[in-house]
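In what follows, a structure is listed as structure tokens, so that the remarks can point back to it.
The values are calculated or read from the model by the stated rules, or taken from the named source; none is laboratory data. Treat the numbers as computed from the prediction; the structure is a model and nothing was measured. Cβ sites come from the backbone with ideal geometry, for glycine too, and all protein chains shown count toward neighbours. Side chains are part of the model used for accessible areas, which takes the heavy atoms of the whole protein and leaves out ligands, DNA and RNA. Shrake-Rupley method; radii C 1.70, N 1.55, O 1.52, S 1.80 Å.
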Amino acid sequence: MSEISTDVAILGGGMVGMALAHQLNERYSDLSITLVDKEPEIGRHSSGRNSGVLHAGIYYPPGSLKAKVCVQGAKRLRAWCEAEGLPVLDCGKVIAPQAVELDSQLELLLERGRANGAEVRLIDYEEFQERVPNGRTASGRALWSPGTCVVKPKIVLQRLEQRLRERGVSFVLGAAVSDVSPDIRQLNLNHSGESSTVSYGHLFNSTGLQADRIAKLFGLGYDCTLLPFKGLYWQLDPRAPFNFSTNLYPVPDLNVPFLGVHVTPSPDGSISLGPTAIPALGRENYRGLDGLEPLMALEFLGDLASQWWRNAGGFRQYAKEQALHGLKPLFLKAAQALVPDLRSEHLIPSQKVGIRAQLYDRRSGTLVQDFRLEHGPSSTHVLNAISPAFTASFSLVDLIINESTLAS
Ligand SMILES: Cc1cc2nc3c(=O)[nH]c(=O)nc-3n(C[C@H](O)[C@H](O)[C@H](O)COP(=O)(O)OP(=O)(O)OC[C@H]3O[C@@H](n4cnc5c(N)ncnc54)[C@H](O)[C@@H]3O)c2cc1C
């Protein structure tokens, strides 16, 4: 049995946990930092399985935490990747209405983007065609975001891990939390059958898909639970007669926190379509019945059914438009709203699949749209670190550190 004593313990080595370690180390170089992850390597969950798009900050209501941190966070992460010599595809993004009645949403997104400090403008049909010759805009107009870029998420995490190790951050990997004692600031870990304890001064919980469960061990966040939404991708067959040099996104349904099926070019030259946002049957149910959690799945489907009935937060619209995108013909139909000549044979199944750590507020019966922080006496819990938490990570963690009791 080993005993570790550390000033700061970070639970969860996704982008949020890694960025926390990075910023804490920059700010308080004399603090000892220990990062614990239950997996044997970094990047096994959302942060290593996302689209890699560094969002420009367009979608979020001004005043929200997302709006506060996305624009600066994207700039900082991009600058860091460039300084490290990591691949960054400077490709911008077009947002096009997939139905005429969605055209007016372009004005709303334009307003939000500008209020948030993002560079964004309306474009006409001629410019749209130049930027996405194989794309479609239902109304003839679209939005253009020149600052959006795409990175390779796993490579970003690997380089961060290397830099953190060089700067003396300790990593305890393959170690799951078995018990917590907040009153004496201690964690018990189970590490391949061995147990160990971590005594900490302050703890940050950035465990993504498990964050609400960990928060509850600290007596926090009882009014909410996490609902996992699965993001499946397809690859565009390189022989398909299309060329995408920029991201092409639909106008999203702003009642739900999913951006809709989109086309994303990668720095490695491949082009992906997706992700879906379909109910997953477990928080880590990436394939088939792996990670199945029968009770959670039953509860989740019950929650969806009751919200469908009440139509809280636009659930009926979500069910109609997005819940069944796991079926290839329906996925294809959604993608064809943006790329009309796309055919089933152009889509190659992708190995990539991610699950969103989406928080559900039981009191209001709605999906929580913004990031949410919960604070204990010596702990800070990051709930609902959904998109754009990867993009915004460097600025998001500054906000998290500032609001924690560590900074006071
Ligand atoms: C399909 C998909 C596409 C997305 N696209 C984008 C995008 O293009 N741009 C963008 O900005 N965002 C995107 N996102 C969102 C982004 O991926 C997340 O916001 C971000 O990765 C969250 O990071 P995290 O560190 O909170 O979580 P994670 O990356 O999930 O990390 C949590 C870590 O905690 C560990 N952990 C869990 N339980 C325990 C425990 N008990 N003890 C110790 N460790 C534990 C896990 O092993 C994991 O490593 C996307 C998400 C998905 C699912």
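Details
- Put simply, the amide H of Ile123, placed in the peptide plane, has neighbours under 5 Å in Ala142, Leu143, Trp144, leaving out anything fewer than 5 places away on its chain.
- Label-point separation in nm, Gln72 to Trp309, each point 7 Å along Cα→Cβ: 4.6
- Shape of region 16-72, Cα gyration tensor, a/c cut at 1.5: oblate
- Under 29 Å of direct C-alpha separation, and excluding same-chain neighbours fewer than eight residues apart, Lys154 reaches these lysines: Lys38, Lys66, Lys68, Lys75, Lys93, Lys230, Lys328, Lys352.
- Each Lys and Arg Cβ is given +1 and each Asp and Glu Cβ -1; about its Cα centre, the chain then shows a dipole of about 520 debye.
- Per-residue Karplus couplings for region 314-329, computed as 6.51 cos²θ - 1.76 cosθ + 1.60 with θ equal to phi - 60°, are listed in order as x, 5, 5, 4, 4, 4, 5, 9, 10, 5, 10, 5, x, 7, 4, x Hz, Gly and Pro entered as x.
- Computed from phi, the 3J(HN,Hα) profile of region 68-84 under the Karplus parametrisation 6.51, -1.76, 1.60 (θ = phi - 60°) reads 5, 10, 5, 4, 5, x, 4, 4, 5, 5, 4, 4, 5, 4, 5, 5, 7 Hz, with x in place of Gly and Pro.
- For region 1-131, fraction of C-alpha pairs farther apart than 21 Å, in %: 58
- Karplus 3J(HN,Hα) series, Hz, for region 46-63 with 6.51 cos²θ - 1.76 cosθ + 1.60 (x for Gly, Pro): 2, 5, x, 10, 9, 6, x, 7, 8, 5, 7, x, 8, 7, 8, x, x, x
- In a fully extended conformation the segment linking Leu292 and Ala319 would gain 7.6 nm over its present Cα-Cα distance, using 0.36 nm per residue.
- Normalised by 2.2 N^0.38 Å, where N counts its residues, the alpha-carbon radius of gyration of the chain equals 0.97.
- 222 nm mean residue ellipticity, helices alone, for the chain (DSSP H n ≥ 4; -39,500 (n - 2.57); rounded to 500): -9500 deg cm²/dmol
- Inter-label distance, nm, simple model (7 Å from Cα along the C-beta direction), Thr197/Gln129: 7.2
- Placing a label point 7 Å from the Cα of Asp90 along the Cα-to-Cβ line, the residues of region 148-162 whose backbone N sits under 18 Å from it are 148-152.
- Put a dot 7 Å past the Cα of Arg167, heading toward its Cβ, do the same for Thr405, and the two dots end up 2.6 nm apart.
- Taking all protein chains into account, the per residue accessible area for region 225-361 stands at 43 Å² (1.4 Å probe).
- Between Arg362 and Ile348, full extension at 0.36 nm per residue minus the direct alpha carbon distance yields a gain of 1.2 nm.
- Sequence ranges 385-393, 199-207, 349-357, ranked by mean other-Cβ count within 10 angstrom, highest first: 385-393, 199-207, 349-357
- Listed residue (Phe331, Thr225, Gly376) projecting farthest to the positive dipole end of the chain, Cβ model: Phe331
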